[in-house]
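Report on the structure given below.
The values are calculated or read from the model by the stated rules, or taken from the named source; none is laboratory data. Keep in mind it's a predicted model, so treat the numbers as computed, not measured. Neighbour counts run over all protein chains shown; Cβ positions are idealised from the backbone, glycine included. Areas reflect the complete protein model, heavy atoms only, side chains present, ligands, DNA and RNA absent. Shrake-Rupley method; radii C 1.70, N 1.55, O 1.52, S 1.80 Å.
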Amino acid sequence: MYADEISAPLAGWTVPRSTFKRFEIVGDPATPPIDLNLVKSHLRITDSDNDQYLNHLMSTAFDACERYTQRQLVTRTVRMWMDIVPGVGEAWPLGDMGTQSFVPYLGMNAVRWFDLLKTPAHTVTAITFYQLDDSAYIMPTTDYLVDSVDLDQPARILLRYGAIWPVNIRAGHAISVDYSVGYPTAAAVPTSIRQAVLIMAAALWSNRGDNADAQADVLQFPGVKQLLDPFRVRRISTL
């Protein structure tokens with residue numbers, strides 16, 4: 001199971017989820033990467049009688065694409081919460097290549113980085129640690145490096161040489177990272193993803209729960225997964 005999937009409801013039950021990371025959207029809701037006129041053109045609709053409903057379907061398809069690909073399609077501000085960080089309190093071992101530098105690095109308490117949920121992530125505005133008394137400590141930007149070059153990989157926060165993670169932090173919900181995630185403009189969203197949004201919106205328009213269509217899951221409609229799968233971000237751990 002993937003970290004972002006094990007928190008999803010399954011057949012009406014709440015299933016176990018990662019205790020390491022949480023994710024919340026703190027900025028304004030994103031605007032779908034396609035506009036109403038394009039949806040109406042795709043559906044060959046010329047009147048405005050159903051504009052409100054079409055906007056609803058478009059937003060639903062947009063949300064489904066985001067959840068399936070684990071990407072944020074249009075830039076918004078988000079916050080990731082963590083209970084702990086890798087390598088808490090451990091300083092970088094500085095020494096010769098054969099003795100000190102690499103052996104401690106392979107230890108469980110010497111992982112010097114963590115990745116950010118959702119892709120593509122970019123500008124990090126603050127990393128905040130909440131201490132035992134719940135007071136906030138904002139980590140200096142000189143203590144860490146943001147690696148967000150590859151838009152198809154999760155961004156990483158790397159601890160710089162000589163820096164350490166704060167240690168006197170509360171038991172849970174102890175670290176937050178504020179950052180922006182998503183493509184900068186709707187036009188920057190890959191064409192294949194935008195086409196998938198159109199197909200899903202059209203499927204929802206044609207299947208409103210009042211027929212016997214066996215293909216009830218819009219993700220299963222022909223061509224949708226083929227368009228989305230190359231952009232799907234899969235996590236292999238809860239770290």
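What are the ³J(HN,Hα) values, in whole Hz, obtained from phi via the Karplus relation 6.51 cos²θ - 1.76 cosθ + 1.60 with θ = phi - 60°, for each residue of region 52-68 in sequence order, with x given for Gly and Pro?
Values, residue by residue: 4, 5, 5, 4, 4, 5, 4, 5, 5, 5, 4, 5, 5, 5, 5, 5, 6 Hz.
Multiplying the sequence separation of N168 and S48 by 0.36 nm and subtracting their Cα-Cα distance, what value in nm do you get?
Working: separation 120, 0.36 × 120 = 43.20 nm, distance 5.86 nm.
The N168-S48 span can extend by a further 37.3 nm.
From the phi of every residue in region 119-133, what ³J(HN,Hα) in whole Hz does the Karplus formula 6.51 cos²θ - 1.76 cosθ + 1.60 yield, where θ is phi - 60° and glycine or proline is x?
Those phi angles translate into 9, x, 9, 9, 2, 8, 9, 6, 10, 10, 10, 9, 7, 4, 8 Hz.
What number comes out for the charge environment of N50, summing +1 per Lys or Arg and -1 per Asp or Glu over other residues with Cβ under 13 Å away? Mind dumping the intermediate values first?
Numbers: positive: K40, R44, R208; negative: D47, D49, D51.
Taking every Cβ under 13 Å from that of N50, the sum is 0.
Of the accessible area of region 121-223, with the probe set at 1.4 angstrom, what percent is carbon plus sulfur?
That fraction is 55 percent.
Of the listed peptides 179-185, 160-166, 43-49, 193-199, what is their order by residue-averaged count of other C-beta atoms within 10 Å, with the highest listed first?
Values: 179-185: 19.1, 160-166: 14.1, 43-49: 10.1, 193-199: 21.6.
The packing order, highest mean first, is 193-199, 179-185, 160-166, 43-49.
Roughly how many nanometres apart are two label points built 7 Å out from the Cα toward the Cβ at L145 and E24?
Going from the L145 label point to the E24 one covers 3.2 nm.
Quick check: residue separation of T125 and S59 times 0.36 nm, minus the Cα distance between them. What number comes out in nm? Please report the intermediate quantities before stating the final value.
Numbers: separation 66, 0.36 × 66 = 23.76 nm, distance 2.78 nm.
Full-extension gain reported as 21.0 nm.
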